[in-house]
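Colleague: Once you've had a glance at the structure underneath, I'll fire off some questions.
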DNA sequence: GCTTGCATGGGGTGTCGCCCCCACGTCAAA
DNA sequence: TTTGACGTGGGGGCGACACCCCATGCAAGC
C-alpha cells in the first residue's frame, strides 16, 4: 500500500523537484499538487491523501493556518511541514496546528522520506535542530515544576500546612487532617504568610502553583 | 575532523556489529568501547569522546544514571541513547538525564548516523515514534494553559470581575476599580462560582490559572 | 543554664466570604 | 409586546478568615 501524498508549495519548480525526488520511491505516490492554501484544502477534501507536504510561505494563507484547517476537517490526514524557516516560532505554531513532522528544506532527501513515512504511520519526525528546541522547552517545563524543596525557610510543619492551604482546604479541614486544633492551623498560616509576605489565600494559591507544590 | 565515538553496550557482539556498521563512515572514528556503566564513565574521563552511544540495560548502573553522571562531569560530551526500550518512561528520563538523541535498536543504520551527527553538532535527534510522545506532552502543556476565550458562558462583566478575583483582589478593591458597589461585585462573584461550580476563592484562582486568564 | 526556634494551644475583634432574599432599568429575542 | 437575560444595587445572616494578644512544652545550641 503506497503512501498517497499531496504536495503544497507555491513554487512550481519546487513541486517538480519534489516530484522527481519522490517518484523513485516505491512506497510513495504523489496524488496531487497545490500552490495555494485554498487549493490545498480543496485538494485534501477531494483526494484525501495520507500525507500533505506543506510549505509555510503561501500566497493566500500561511501553511500554519492551512494545516490547522486541514487537521480540523480531516484529523486522519497527516501534515508534514517542509519549509525554509527554522525559527522557533513557526516550529511551535506548526506543532500546535497539528503537524506530524517538521523538515527544513536544507535537510537531506532521506530525512524528508523518513518524515513522510513516520507521518503516514501516525508518528512524528522532527529535524534535529528543531527537536533540540522542543527538548529544551520540555526541560524548562519540568524544572520549573520541581526545583522547590527549600521553600524559603518554611519549617516542615508549615510546608505541610501550606500544601493544604494551597489546595483551598479550609482551616478546620486542615485541622482535622493533621489532628491539631483550628487555632494552630491559623497560627501556622499566619507565620507562612508573614514569611512569604503574602496577604491572602489567593496569593498563597498562586505562590504554591509557581513553586510547583500543587498542580493548577 | 572526525566525530570521536565511544560505544557503550554490555554485549560484545552488539559493539562489534556497531563497529562494523560505523567504521565505513568517513566522518566517524570509534575511539573506545565499554561494557559497563563504570567502564563507560572511566572511558569518557580519559578519552573525552565527542559522542557516547549509550545502551540503557547495563549490568551495574542503568544507562540513564550513567548518562546523568557523564553529563554532570562533562557537559560538552553528547550522549545518544541506543536501546531496545521504546517506552515513554525511559525516553523521558533519558531526556532529563541530558541525552542528545534517542534511537531504538530497530532503527535503520542511517538514522543512527543522523543521530550521531546531530548530537555531535549539539542538536537532538529523536526517533519518530518517540518524538510523537514529546510533541504530545508539549501540546498537553500548551492546551492546559490556553484554550480559554469562551470561558464557559460567563458574561463580559463576569469575566472582568473574574480577572480581579483571580488576582486575589478583595471585593471592595474590585468595586473601586470597576466603579460599582461592593454588593454588585459579590453578586457577580456568586454567579461566577455557580456557573463554574467552584466553591471558594482558592478554587477560583486555580481555575483562572488553568484557563490562562492570569499567570501563576 | 539560658536563649532561641518550633509546634502547640486559647482569647478577642473586626472584616470579609459565601449564601439567601429582594428590586429596577435596559436591551434583545420570542 | 411580553419575556428573559444582564447588570446594577440593597438587606440580613452566619461562619470563616486575618490579624492581634497571650502561654506552654520541648529540643537544639550558645
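Colleague: Along Cα-to-Cβ, 7 Å out, sits the label point; list in nm, shortest first, how far the one on residue B:191 is from those in the other copies.
Modeller: 4.4
Colleague: Most exposed first by the Cβ proxy, i.e. fewest other Cβ within 10 Å, how do B:111, A:88 rank?
Modeller: Taking fewest neighbouring Cβ atoms as first place, the list is A:88, B:111.
Colleague: How large is the helix-only mean residue ellipticity at 222 nm for the protein assembly as shown, computed as the sum of -39500 (n - 2.57) over DSSP H runs with n ≥ 4, divided by its residue count, in deg cm²/dmol to the nearest 500?
Modeller: So the helix-based figure for the protein assembly as shown works out to -17000 deg cm²/dmol.
Colleague: Can you give the relative contact order of chain B as a percent, counting alpha carbon pairs under 8 Å and 6+ residues apart?
Modeller: Taking the mean separation of contacting Cα pairs over the length of chain B, I get 13 percent.
Colleague: Given a 10 angstrom Cα cut-off, can you work out which residue in B:117, B:197, B:106 is the most mobile in a GNM of chain B?
Modeller: Its mean-square fluctuation being the largest, the pick is B:197.
Colleague: Viscosity 0.890 mPa s, temperature 25 °C: give me the Stokes-Einstein translational D for chain B in µm²/s, with Rh taken as the Kirkwood radius over C-alpha pairs.
Modeller: 119
Colleague: What does the extension gain come out to for residue B:26 and residue B:45, with contour length at 0.36 nm per residue minus their alpha carbon separation?
Modeller: 4.3 nm
Colleague: So how do A:90, A:125 line up by other beta-carbon neighbours within 10 Å, fewest first?
Modeller: Least crowded to most crowded, the residues run A:90, A:125.
Colleague: Now, a different point. Please give the residues of the stretch B:27-57, grouped as numeric ranges, whose backbone N is less than 12 Å from a label point set 7 Å along the Cα-to-Cβ vector of residue B:2.
Modeller: Residues B:27-32 qualify, since their backbone N sits under 12 Å from the label point.
Colleague: Between residue B:190 and residue A:76, what's the calculated FRET efficiency when r is the beta-carbon distance and R0 is 41 Å? Round to 0.05.
Modeller: 0.35
Colleague: For residue A:136, project a label point 7 Å along Cα to C-beta. Then give me every residue of the stretch A:77-118 with its amide nitrogen under 14 Å of that point.
Modeller: Inside the label zone: A:86-92.
Colleague: To the nearest 0.05, how large is the calculated FRET efficiency for residue B:105 and residue A:88 if R₀ is 30 Å and r is the Cβ-Cβ distance?
Modeller: Efficiency, from the Cβ-Cβ distance: 0.40.
Colleague: Next up: Helix B:12-23 versus the longest principal axis of chain B: what angle, 0 to 90°, nearest 10, using Cα atoms?
Modeller: Helix B:12-23 and the main axis of chain B meet at about 90 degrees.
Colleague: Quick one: label points 7 angstrom along Cα→Cβ at residue A:136, distances to the other copies in nm, smallest first?
Modeller: 2.6
Colleague: Sticking with this one: Quick check: convex hull of the Cα atoms in the stretch A:2-70, volume per residue, rounded to a whole Å³?
Modeller: 66
Colleague: Taking the radius of gyration and the Kirkwood hydrodynamic radius from Cα positions alone, what is the Rg/Rh ratio for the protein assembly as shown, to two decimal places?
Modeller: Rg/Rh: 1.07.
Colleague: Rank B:185, B:14, B:44 by mean-square fluctuation in a GNM of chain B with C-alpha springs under 10 angstrom and give only the top-ranked residue.
Modeller: B:185
Colleague: Rounded to the nearest 10 degrees, what's the angle between the helix A:156-166 long axis and the longest principal axis of chain A, both from Cα atoms, 0 to 90?
Modeller: Taking the Cα atoms of chain A, the angle to A:156-166 is about 60 degrees.
Colleague: Could you give the angle, 0 to 90 degrees to the nearest 10, between helix B:201-210's Cα long axis and the longest principal axis of the Cα atoms of chain B?
Modeller: The answer is roughly 50 degrees.
Colleague: Once you average over the residues of A:198-205, how many Cβ atoms of partner chains fall within 10 Å of each Cβ?
Modeller: 6
Colleague: Follow-up. Defining the label point at 7 Å along Cα→Cβ, can you sort the distances from residue A:48 to the same site in each other copy, shortest first, in nm?
Modeller: Nearest to farthest, the other copies are at 6.0 nm.
Colleague: Among B:206, B:157, which comes first, second and so on when ranked by fewest other beta-carbon atoms within 10 Å?
Modeller: Sorted ascending by nearby Cβ count, the order is B:157, B:206.
Colleague: Distance from the Cα centre of the stretch B:46-73 to that of the stretch B:197-216, in angstrom?
Modeller: 43
We did not get these values from a lab; they are worked out from the coordinates using the rules stated. This one's a predicted model, so the numbers in the text were calculated from it and none came from an experiment. Glycine gets a Cβ as well: all are built from the backbone with ideal geometry, and neighbour counts include every protein chain shown.
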